[in-house]
Amino acid sequence: MYVGRFVVVGPDVGAYRVSSRSFPNREITAREDALTVGPTEDAPETDNPYVSYNCLRVVDTPTGETAAFGNGSHVDPIAEKLELGYPARDAVAESLLALDYEKDDYDTPRIAATIGAAGEALIGTVRKDALLVETVDEPTLVATYEKNAPETIEFAAESADDAASEAYDHEFEHAVCAAGVARTGDGFETAIENGD
C-alpha cells in the first residue's frame, strides 16, 4: 500500500518517513539545529516547494527539550512556538492551521508530531476537510494518503536508530529515507536512515 509520507509517535520515540513516487531522489541530512530533507546530488532539478524542508527539530522549551517532526515547512513554526513556551497542542494546531494542506495536485495533508520533555506526545494533521490534533499514549501513525487520520500501529523501536530503521523498513511502498527520534533521560537522540 502507498500511503505517502508518514509520522509515527509513541510516548518516548518517533519517526518520520519520506515515501515518494514522484520525487524519490531525496535524502535526510543532519544540520546544526535540524534534520533536513532535500534532493540528492543526482536529483533532477525541480521548482516544487514541497521537496526540501526541515523534517525534525529538537528545541529548548520552558519545560525542557521537545522534538517536533513532520512532512514540511510547518515543522519550523511548530518548533519556534514551542521555544516561545506555547503548549505543544497549540503549537501544532496553530501551525498546521496557518500553513494548511499543501496546495498541490493531490491536496496533500500536512502531518506533524511532538514528543515533550514532560512525557506528552502529540500527533496532528491538516487535510482539506479537517484539522486533527490528538494526545497519544501508544504508538500512533498518520500519513498523507490512505491513512490520513491518526491510528494506532505496532512500533517496537526504543532508540532513534531503531525508529528510523523500523519506519524505513515498514511494508508501506516507495521508501526514500527516514528520521528517528527518542527520549534519552532529559534530552533526545536523533538518527537518519537514507537506505542504500
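The values are calculated or read from the model by the stated rules, or taken from the named source; none is laboratory data. Just so it is clear, the structure is predicted and the values come from calculations on it, not from any experiment. With ideal geometry, Cβ positions are generated from the backbone for all residues, glycine too; neighbour counts draw on all protein chains shown. Areas reflect the complete protein model, heavy atoms only, side chains present, ligands, DNA and RNA absent. Shrake-Rupley method; radii C 1.70, N 1.55, O 1.52, S 1.80 Å.
Overview of values
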read-out: Pair list, Cβ < 6 Å and 6+ apart or interchain, from segment 167-196 residues that are within 12 Å of Tyr16 (Cα to Cα) to residues that are of a type outside the set (S, T, N, Q) and part of a loop (DSSP other than H, G, I, E, B); value: Val176/Pro24
read-out: Any hit, segment 83-103, residues being touching a residue at least 40 places away in the same chain (Cβ under 8 Å) and of a type in the set (Asp, Glu); value: yes
read-out: Whichever residue in segment 1-34 is assigned to a strand (DSSP E or B) and open to solvent by 10 Å² or more (accessible area, probe 1.4 Å) and, among such residues, is farthest from Glu138 (Cα to Cα); value: Arg26
read-out: Single condition Gly64 does not satisfy, out of (1) in contact with a strand residue (DSSP E or B) (Cβ under 7 Å, 6 or more places away or on another chain); (2) loosely packed, with under 15 Cβ neighbours inside 10 Å; (3) not polar (S, T, N, Q); value: (1)
read-out: Val3 being touching a Pro at 6+ places or on another chain (Cβ under 7 Å), over 22 Å from Ser159 (Cβ atoms) and of a type outside the set (Phe, Trp, Tyr); value: no
read-out: Single match in Leu84, Leu35, Leu96 (criterion: at pLDDT 95 or above and touching a Gly at 6+ places or on another chain (Cβ under 6 Å)); value: Leu96
read-out: Thr108 vs. criteria in a strand (DSSP E or B), open to solvent by less than 70 Å² (accessible area, probe 1.4 Å) and of a type in the set (Val, Ile, Thr); value: no
